Amino acid sequence: MTKKFHVFAVSTAIIFTSYSNNANAFAKYRPIQDTTKAPVEKLAPNNNYSPAFAGQTRIAGIKTKTALDIKILAEGLKRPWGITILPDGRLLITEKIGAMKIITTAGKVSEPITGLPEVNSGGQGGLLGLTLDPAFSKNRIVYWVFSEKTSTGNLTAVAKGTLSADEKKMENVSVIYRADPAHPSMGHYGGRILVDKTGNLLVTTGERSSLETRPQAQYLTSANGKVLRITKDGKPAPGNPVWSAGAKPEIYSYGHRNVQNLAFHPVTGDIWTAEFGPLGGDELNLVKPGKDYGWPTITYGMEYSGAKVGEGLYQKEGMEQPVYYWNPSISPSGMSFYTGNMIPEWKNNLFIGALSGKHILRLVLKDNKVVGEERLLADQNQRFRSTMTGKDGALYAITDEGRLYRIAKK
């Protein structure tokens, strides 16, 4: 049964009853209505690093003025991870366990689509991000990312297939790309995928969550810790940065820790990502071709032990600074720009699912800077995994706990 809430969105500036320098120990708190411009984050940061410029962190809070109608359309999904919108407005989602399903805007959930390759769903792996071919209405092609087990370990893989006319199976499935080298780790796969304006695929990967593999984020001989740009057949896309001999030509940018989100600005077409820091230091990045985003050489985070990462650097010449960062962590997962007309004040705002933060983050951008931040649905106590604007202008969101939300104008 659909559950329905009638609420006014608030900036949910948070009063915390206790502080901790350990981001894993989130203090008890109670949300209150706040009409001030105070930052929404009230917890102490994990370190005393200073931002590189004003507004790089803890920007002023904002508040949605539109009255919102929040519905739970579906429950009991098995850790939904990716979400995209079909031409008729229904939602195509992935579940981490390896299933792909279609959900109507009334909340009716289909049976799993068959024909998908086996995934390794252990740890952070599974069936991850997905996107439709721009000509899906004619060719019915879907692209998706998953974690694949190989003889030498696990890796991030990209597949494509054709959704059958009856929508019950995926046909002509092929794995078009594998981000090597593989490793036994079951973490930091990245996993988002989009088609860019040239018709090529952008894919995000992680550095595989191991001290052994961490340096690979800086290696141009490794596909891990990167934003990749490949053709629809999995080859390096034309127009990629020109690297030195021996480098992987599919690399678009590097120095990333674990990028679980990817979005194009609807006006400028700029590529935006957010990535997990270690203990603190989650980042929002404007991705440019050929740029080094610093991990693990620079970070605003710390080791989970509280020690410095490497030399404890958070700025270095030749490495990109994040447009914005969160300290302590919110664990930013899937994100999207709001492109609907239902809630005009949200137009072109960025909405990020926060896992450990347990809210949907709304960011207002101006001139490629964050100028306002709001936390939505913090009272739902859900790990928000991804967001997407629907054909109807509502914002849809999925959670690790198995819910699909519809957020619309009241």
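The values are calculated or read from the model by the stated rules, or taken from the named source; none is laboratory data. Keep in mind it's a predicted model, so treat the numbers as computed, not measured. Neighbour counts are summed over all protein chains in view; Cβ atoms, including those assigned to glycine, are modelled from backbone coordinates with ideal geometry. Quick note on the areas: whole protein, heavy atoms, side chains included, nothing else; ligands and nucleic acids left out. Shrake-Rupley method; radii C 1.70, N 1.55, O 1.52, S 1.80 Å.
The table for this structure:
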{"item": "Index of the failed condition, GLU250 passing every other in (1) closer than 15 Å to ASN327 by Cα; (2) among the charged types (D, E, K, R); (3) touching a Lys or Arg at 6+ places or on another chain (Cβ under 7 Å)", "result": "(1)"}
{"item": "Count of region 87-116 residues which are crowded, with 18+ Cβ neighbours inside 10 Å, under 20 Å from the mean Cα position of the chain (by Cα) and part of a loop (DSSP other than H, G, I, E, B)", "result": "2"}
{"item": "Region 146-170 - residue that is under 19 Å from the mean Cα position of the chain (by Cα) and more than 17 Å from LYS101 (Cβ to Cβ) and, of those, surrounded by the most Cβ atoms within 10 Å (Cβ to Cβ)", "result": "THR156"}
{"item": "Selection from region 160-174 of residues that are under 17 Å from LYS235 (Cα atoms) and of a type in the set (A, V, I, L, M, F, W, C)", "result": "VAL173"}
{"item": "Among (1) under 16 Å from TYR405 (Cα atoms); (2) open to solvent by less than 10 Å² (accessible area, probe 1.4 Å) - the single one LEU377 does not satisfy", "result": "(2)"}
{"item": "Some residue of region 327-349 being at pLDDT 95 or above and in contact with a helix residue (DSSP H, G or I) (Cβ under 9 Å, 6 or more places away or on another chain)", "result": "yes"}
{"item": "Residue list for region 255-270, restricted to those being in a strand (DSSP E or B) and either β-branched (Val, Ile, Thr) or open to solvent by 40 Å² or more (accessible area, probe 1.4 Å) (or both)", "result": "VAL259, PHE264"}
{"item": "Contacts under 7 angstrom Cβ, first residue in region 336-363 being without any contact (Cβ under 8 Å) to a residue 12 or more places away in the chain, partner of a type in the set (Ser, Thr, Tyr) and surrounded by 17 or more Cβ atoms within 10 Å (Cβ to Cβ), 6 or more apart", "result": "LYS347/TYR338"}
{"item": "Region 202-238, residues that are of a type in the set (Lys, Arg) and part of a loop (DSSP other than H, G, I, E, B)", "result": "ARG208, LYS232, LYS235"}
{"item": "Every residue from region 46-75 that is open to solvent by less than 30 Å² (accessible area, probe 1.4 Å) and not in a loop (DSSP other than H, G, I, E, B)", "result": "GLY61, ALA67, LEU68, ASP69, ILE70, ILE72, LEU73, ALA74"}
{"item": "Members of region 341-374 that are of a type in the set (A, V, I, L, M, F, W, C), open to solvent by less than 30 Å² (accessible area, probe 1.4 Å) and outside any loop (DSSP other than H, G, I, E, B)", "result": "TRP346, LEU350, PHE351, ILE352, ALA354, ILE360, LEU361, LEU363, VAL370"}
{"item": "Count of region 219-246 residues which are farther than 21 Å from GLY334 by Cα and either open to solvent by 20 Å² or more (accessible area, probe 1.4 Å) or touching a strand residue (DSSP E or B) at 6+ places or on another chain (Cβ under 6 Å) (or both)", "result": "19"}
{"item": "Residues located in region 126-140, provided they are within 22 Å of the chain's Cα centre (by Cα) and either surrounded by 14 or more Cβ atoms within 10 Å (Cβ to Cβ) or in a helix (DSSP H, G or I) (or both)", "result": "GLY126, LEU127, LEU128, GLY129, LEU130, THR131, LEU132, ASP133"}
